[in-house]
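The values are calculated or read from the model by the stated rules, or taken from the named source; none is laboratory data. Remember, predicted model here, so these are calculated numbers, not experimental data. Here Cβ is always computed from backbone atoms with ideal geometry, including for glycine, and neighbour counts include all displayed protein chains. Just so you know, the surface numbers come from the protein's heavy atoms only, side chains and all, with ligands and any DNA or RNA stripped out. Shrake-Rupley method; radii C 1.70, N 1.55, O 1.52, S 1.80 Å.
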Amino acid sequence: MEVNGTANILSSAYLAVEYVDSFLPENPLQEPLKHAWNHMLQNYSKFQIATWGSLIVHELIYFLFCLPGFIFQFLPFMQKYKIQPDKPETWEKQWKCFKMLLFNHFCIQLPLICGTFYFTEFFSIPYDWDSMPRWPYILAQCFGCAVIEDTWHYFLHRALHHRRIYKYIHKVHHDFTAPFGMQAEYAHPAETLILGAGFFIGIMVFCNHMILLWAWVTFRLLETIDVHSGYDIPLNPLHLIPFYAGARFHDFHHMNFVGNYGSTFTWWDRLFNTDSQYNKHYTHQKAVKSD
């Protein structure tokens, strides 16, 4: 019964997306993308695309999204948007973070990425252009992946804060009480595996083309780097996402160590009242500013 209910929900969601998609114009970038995608398929094997292609996508996207936050520290007019202006980034902190990132990316995440090809082969995930879903479907699938990952992250992240295990694993990620974008994947190797597992659950549910793997990687990195950026930038388009947590929400978690356990959304924290200290803190701040 539960399986049927889930299937009905997914079917309804896909029908809704298909209805909206019918009113949307053709993507002007479709032909160049089609040419580039087919060129890739003709010149590289599925194994090369799934492994080395996925690694390149991850590294390029990660450090590209980190670049704006890195530049902000040198721009005086951007400091008014820094959430904790009394705790600037230092070269020592950034170098320490970069070294940990290289270890995690190539010693922990790369072996997992190498399993991508076997995953796509086992579940017969297509690579060809004709099977690729249109972008509204991909956006809907990424949102579904985000909901699943956020749920996993909330409960496992909260468990990692338990006093009996916090100092052994999750304390590493809290080395910096004022986060910056590059710190998004700065974590103990065990945490990389534990919390990172949530990334793959959505893929298991929704993946129907290789492109979703790369689209979901892109969205997840954009989100996690944004919430770790340390800057609350106005007119941030990510804030258009319903219940989006954002940088200020997660920055408080690093400053306070307790509460605000969600990765992307705020609903689990609201439901379990683990955002109460955050709400009191910013209510007090607004009161001080208004006086």
Item checked: Dipole of region 30-141, positive end: most advanced residue of Leu75, Gln48, Cys114 [Cβ charges, Cα centre] -> Leu75
Check: At Leu102 and Phe119, where each label point lies 7 Å from the Cα along Cα→Cβ, what is the point-to-point distance in nanometres?
Finding: 2.7
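State to the nearest 20 debye the size of the charge dipole of region 151-285 about its Cα centre, where the only charges are +1 on K and R beta carbons and -1 on D and E beta carbons. Could you put the intermediate results ahead of the total?
Details: 9 positive and 9 negative charges, 90 e Å.
It comes to approximately 440 debye.
Any idea what the alpha-carbon Rg over 2.2 N^0.38 Å comes to for region 220-291?
Working: Rg = 12.2 Å, N = 72, 2.2 N^0.38 = 11.2 Å.
So the Cα radius of gyration is 1.09 times the expected 2.2 N^0.38 Å.
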Note to self: I want to verify a result. In a Gaussian network model of the chain, Cα cutoff 10 Å, which of these has the top mean-square fluctuation: Ile138, Ile83, Ile165?
What the structure shows: Ile165
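If one computes P(r) from the Cα atoms of region 83-240, what percent of pairs lie at distances over 26 Å? Let's see the in-between values first.
Details: 4263 of 12403 pairs.
Taking all Cα-Cα pairs of region 83-240, the fraction more than 26 Å apart is 34 percent.
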Next item on the list: Return an integer: the convex hull volume of the alpha-carbon atoms of the chain, in Å³ per residue.
Entry: 173
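Keeping the other protein chains in place, figure out the carbon and sulfur percent of the accessible area of the chain, with a 1.4 Å probe.
Details: 10890 of 16120 Å².
In the chain, the share of accessible area belonging to carbon and sulfur is 68 percent.
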Next item on the list: Highest first, please rank the peptides 261-267, 56-62 by the mean number of other Cβ atoms sitting within 10 Å of their residues.
Entry: 261-267, 56-62
Checklist line | Inter-label distance, nm, simple model (7 Å from Cα along the C-beta direction), Met78/Asp128 | finding: 4.5
Next item on the list: Please build a GNM for the chain, connecting alpha carbons under 10 Å apart, and tell me which residue among Phe176, Phe123, Phe70 fluctuates the most.
Entry: Phe123
Notebook entry, point to check: How big is the Kirkwood radius of region 33-127, worked out from every pair of different alpha carbons and given in Å to one decimal?
Noted result: 16.3
Note to self: From Cα pairs below 8 angstrom and at least 6 apart in sequence, can you work out the relative contact order of the chain, rounded to a whole percent?
What the structure shows: 22
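Place a +1 charge on the Cβ of each Lys and Arg in the chain and a -1 charge on the Cβ of each Asp and Glu, then give the dipole magnitude about the Cα centre in debye, rounded to the nearest 20.
Details: 20 positive and 24 negative charges, 216 e Å.
That gives a dipole near 1040 debye.
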Check: For the chain, what number of Lys pairs, 8 or more residues apart or on separate chains, have alpha-carbon atoms under 24 Å from each other?
Finding: 25
Checklist line | Rough spin-label spacing in nm, given labels placed 7 Å along Cα→Cβ, for His35 and Phe63 | finding: 2.9
